[in-house]
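To keep things clear, I will list the structure first and then write my remarks on it.
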Amino acid sequence: MDYDTILTAEYGDGALRTGVITLNRPKQVNALNDALMDELGDALCAYDADDRIGCIIVTGGEKAFAAGADVSAMARFTFMDAFRSGFITRNWETLASVRKPVIAAVSGVALGGGCELAMMCDFIIAAENARFGQPEIKLGIIPGAGGTQRLPRAVGKSKAMDMVLTSRMMGAAEAERAGLVSRVVAPEQLMDEALSAAAMICSLSLPSVLMAKESVNHAFESSLAEGIRYERRLFHSLFGTEDQKEGMDAFLAKRTPEFKHC
Ligand code: CO8
């Protein structure tokens, strides 16, 4: 696939491979403009629909995952420009609707829309030099792509308020302690770590991976009782798959399962 603002590459030698999308506007520290968000959405949808892909990684550069929405593109926006064009709604939320797992591999700054983009991914692996922040308040606006909603769910009210109201950035170690990121590694190990997590996911049964993701996400949309009922139905339904028989037979026979993703 040929794009101007992102790069794509596939990795792995199993039946399912990993699709890696790299945000690539280095001169603008990966500021996110409409062209980039359109291309990112297109690449995500293509990987989500591709039967040979089992997991997706979204990453940026060493210095910046993404410095946020492109300020120069929105500096002169009027309310009607933003409202009538469906700014953000139009092309930012594709990531949140992808069914396959999406890992954010974050090195350098993830600010504003960049932090929000990372939080739309299923989990974040950070390099030690990663810094997360929601500095929109300094521009006279507030986060607009889920920052005020996903950040408190990830790190709790106090830290979220601190970051959103003062624009304080959170380093990788604090982000891991707070639960925003799942792993922190040395910068030079970031892609190896993300690719190895993705390869693990690719080796599993895709239907159970899709249902596991759907079920965890349901926890953010429902009461505990309703969420558990939902999980139980998905759990029961997996006994209708060939992969459940294969997975359990292989375990009992002490061999590696050969999943057929059905
Ligand atoms: N938008 C546009 N251009 C940017 C942005 C940005 N967000 N960030 C950096 N740039 C540009 C700089 O203006 C500079 O351009 P030039 O070379 O022409 O002068 C170039 O990128 C390099 O930047 P710096 O010289 O500042 O590089 P540093 O290494 O000194 O600093 C930082 C890097 C820390 C990333 C710094 O540039 C910075 O703080 N940037 C702004 C971060 C910010 O405020 N982000 C929030 C933006 S608002 C937002 O995200 C709203 C989200 C709403 C939802 C999303 C809707 C799309």
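The values are calculated or read from the model by the stated rules, or taken from the named source; none is laboratory data. This one's a predicted model, so the numbers in the text were calculated from it and none came from an experiment. Because the Cβ atoms are built from the backbone with ideal geometry, glycine has one as well, and the counts that use them run over all protein chains shown. With ligands, DNA and RNA removed, areas are computed over all heavy atoms of the protein, side chains included. Shrake-Rupley method; radii C 1.70, N 1.55, O 1.52, S 1.80 Å.
The condition of being without any contact (Cβ under 8 Å) to a residue 40 or more places away in the chain and either open to solvent by 10 Å² or more (accessible area, probe 1.4 Å) or hydroxyl-bearing (Ser, Thr, Tyr) (or both) holds for only one of Asp38, Asp70, Asp50, Asp34, that being Asp50.
In segment 1-117, counting only strands (runs of 3 or more DSSP E) that sit wholly within it, the ones holding 1 or more residues that are more than 14 Å from the chain's Cα centre (by Cα) span 6-11, 17-23, 53-59, 64-66, 109-111.
For every residue, the table says whether it meets (1) in a helix (DSSP H, G or I); (2) of a type outside the set (A, V, I, L, M); (3) open to solvent by 70 Å² or more (accessible area, probe 1.4 Å).
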| residue | (1), (2), (3) |
| --- | --- |
| Ile201 | yes, no, no |
| Val209 | yes, no, no |
| Ala212 | yes, no, no |
| Ile228 | yes, no, yes |
| Glu231 | yes, yes, yes |
| Phe235 | yes, yes, yes |
| Gln244 | yes, yes, no |
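Each residue in segment 116-126 was checked for being more than 10 Å from the ligand (Cβ to nearest atom) and surrounded by 22 or more Cβ atoms within 10 Å (Cβ to Cβ), and 5 pass.
Number of residues in segment 83-102 that are open to solvent by 60 Å² or more (accessible area, probe 1.4 Å), under 21 Å from Ile53 (Cβ atoms) and away from the ligand (no atom under 12 Å from the Cβ) equals 2.
Every residue, every condition in (1) open to solvent by 40 Å² or more (accessible area, probe 1.4 Å); (2) modelled with pLDDT of 95 or more; (3) at negative phi; (4) within 16 Å of the ligand (Cβ to nearest atom), yes or no:
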{"position": "Ile6", "(1), (2), (3), (4)": "no, yes, yes, yes"}
{"position": "Ala15", "(1), (2), (3), (4)": "yes, no, yes, no"}
{"position": "Val29", "(1), (2), (3), (4)": "yes, yes, no, yes"}
{"position": "Cys45", "(1), (2), (3), (4)": "yes, yes, yes, no"}
{"position": "Gly114", "(1), (2), (3), (4)": "no, yes, yes, yes"}
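Only one of the numbered conditions (1) open to solvent by 60 Å² or more (accessible area, probe 1.4 Å); (2) within 12 Å of the ligand (Cβ to nearest atom); (3) not in a helix (DSSP H, G or I) is violated by Ile137, and that is (3).
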